[in-house]
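First up is the structure itself, then whatever we jot down about it.
The values are calculated or read from the model by the stated rules, or taken from the named source; none is laboratory data. Values in this document were obtained by computation on a predicted structure and should not be read as measured data. Please note: Cβ atoms are built from the backbone with ideal geometry, for glycine as well, and neighbour counts cover all protein chains shown. Just the protein is used for accessible areas: all its heavy atoms, side chains included, with ligands, DNA and RNA removed. Shrake-Rupley method; radii C 1.70, N 1.55, O 1.52, S 1.80 Å.
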Amino acid sequence: MNKGLLSTGLILLLTLASSCHSIPTLPPPESTIGLFAPGTATAQPETLKVDETATQNPPSPTFTLEPTLTASSTETPTHTPVPSVTPTIPPTQTQSPTPTQPLNQYSSYLQNVTRESITIMWETPLRYSWSKLRYRLVGDTTWIEKSFSEKTKIHEISLLGLIPDTTYEYQVSMDGSSQWSPSWPAVFTTAPDASQTFRAAVYGDSRTQHEQHREVVKSITKNEPDILLHTGDIVEEGMNYKNWDKEFFHPAADLIAYVPLYPVIGNHEYNGSERMWYYDFFSPPGNEQWYAFTYGCARFVILDSNFNFSPGGSQYSWLVEEFQSSGYINSKWQIALFHHPPYTSGSHLGDEVPIADYLVPLFEANGVDMVFSGHNHHYERSIKDGIYYIVSGGGGAYLYGFPNLSLNPYSQVRSTIYHHATLDFYCSDDYLELNVWDISLNLIDGPVLLDSQIDE
């Protein structure tokens, strides 16, 4: 396989480190025992059915091992360099990237966009059966309405039979007859074909500090992404309902009304005493816990690193099948996302060991280009055997430093800063570009360029 890179770097100051829950100890490879210790199960949302006890709280962390790393920090990657390209022209956007509606006037948000469909969700104050959605092509004068037949607070409608790579406008009505929100429509754009340039934005660990999260969202909005990916720890306590509006939906409202969001489950999504609200609030494809989707020329693979991913488990088996799927094989770029990083200079020691043991060999054998994680609240880029490992955890949580730099010889660039990453997929030109931005849109890493891994 042909791969390429051109990377630049900078190292900023080390800062405060704090602690989170770690992922639990994994069984040996031949075991099929689940990860979670016996405990009190929590109520599942009515719409979710998975074959393992994914909503039990993980036990207390038990890892004390340091990562076993053998490669040199100066090892030569196996990519073939691509020509230098100045990243001054963003992908062409057809959707409205900078909404002017006052903050949190958008009560709706976008999920699971494809070439011919999209899912739109919103919440009403009480359980209504008369709340409606209406949509139309931009420029049309006639609305198409969709409604519910059952009472619910969290509403979800999938629009099917849409025109590919086309912009629509939409509104929702709480009472089903008037007060359409927002007062002027939001818009969405269906997915492009595999030849079109597009931009994805990635960030994570938005929990706890909603004002900092708001600033990160503002910077993402200015960069005009087509899709948005979150590396987990969306809120402080995902099993407490009150956390979700203040920490996530309110700060992110102006962005997720226009840009489809694909979430990752972090360890904090399991925290709290109520139901696991992640499954109520989001509607990604598949079983919603781990899933994959194609957008343009790229394949995105999302995992739950809180849950059993050892050989013999259902998540591991699903991943092996995903790597053999036509959607994965036929894409030019393969990007994996999950919460706990396999390689890190941060404070969470031990979390990375089972991921490096069980998942990294699969990534290396199946041509994964980049892996995004969070968990450590900073930015770090590492590279091992031609695969970039990006920690993007600067979305709003208290920032961490790099106390274990000596244990990560793969580290190239580090920064203790609130940030987001953009991935520009130049599908026709066969290269991918990574840039990382602070909240003032100063470039803190990049451009990092990779050529296509498709065999010639």
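Here is how the numbers come out for the structure above:
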quantity: Apportionment of accessible area to carbon and sulfur, the range 269-340, percent (1.4 Å); calculated: 47 percent
quantity: Anchor LYS332: lysines whose Cα lies under 25 Å away (excluding residues fewer than 8 positions away in-chain); calculated: LYS3, LYS384
quantity: Qualifying lysines (Cα of each under 24 Å from Cα of LYS132; at least 8 residues distant if same chain); calculated: LYS146, LYS151, LYS153
quantity: Peptides ranked, highest mean first, by Cβ atoms within 10 Å: ranges 159-168, 237-246; calculated: 237-246, 159-168
quantity: Tensor-based shape of the range 404-456 (alpha-carbon gyration tensor, a/c under 1.5 rounded, otherwise prolate or oblate); calculated: oblate
quantity: The range 305-456, dipole about Cα centre (Lys/Arg Cβ +1, Asp/Glu Cβ -1), debye to the nearest 20; calculated: 540 debye
quantity: Stokes-Einstein D for the range 311-456, Kirkwood Rh over Cα pairs, 25 °C, 0.890 mPa s (µm²/s); calculated: 153 µm²/s
quantity: Residues with amide H under 5 Å from that of THR152, placed H, sequence gap 5 or more; calculated: TYR128, SER129
quantity: Net charge of Cβ neighbours under 14 Å - reference TYR258; Lys, Arg +1; Asp, Glu -1; calculated: -1
quantity: Rounded percent of accessible protein surface that carbon and sulfur make up, the range 349-426, 1.4 Å probe; calculated: 54 percent
quantity: Gyration tensor verdict on the range 336-381 (Cα atoms; rounded if a/c is under 1.5, prolate if a/b is larger than b/c, oblate otherwise); calculated: oblate
quantity: Largest to smallest accessible area among TRP277, TRP130, TRP318 [probe 1.4 Å]; calculated: TRP130, TRP318, TRP277
quantity: Inter-centroid distance (Cα atoms) of the range 199-234 relative to the range 294-340, Å; calculated: 22 Å
quantity: Residues of the range 238-386: accessible area per residue with a 1.4 Å probe, Å²; calculated: 21 Å²
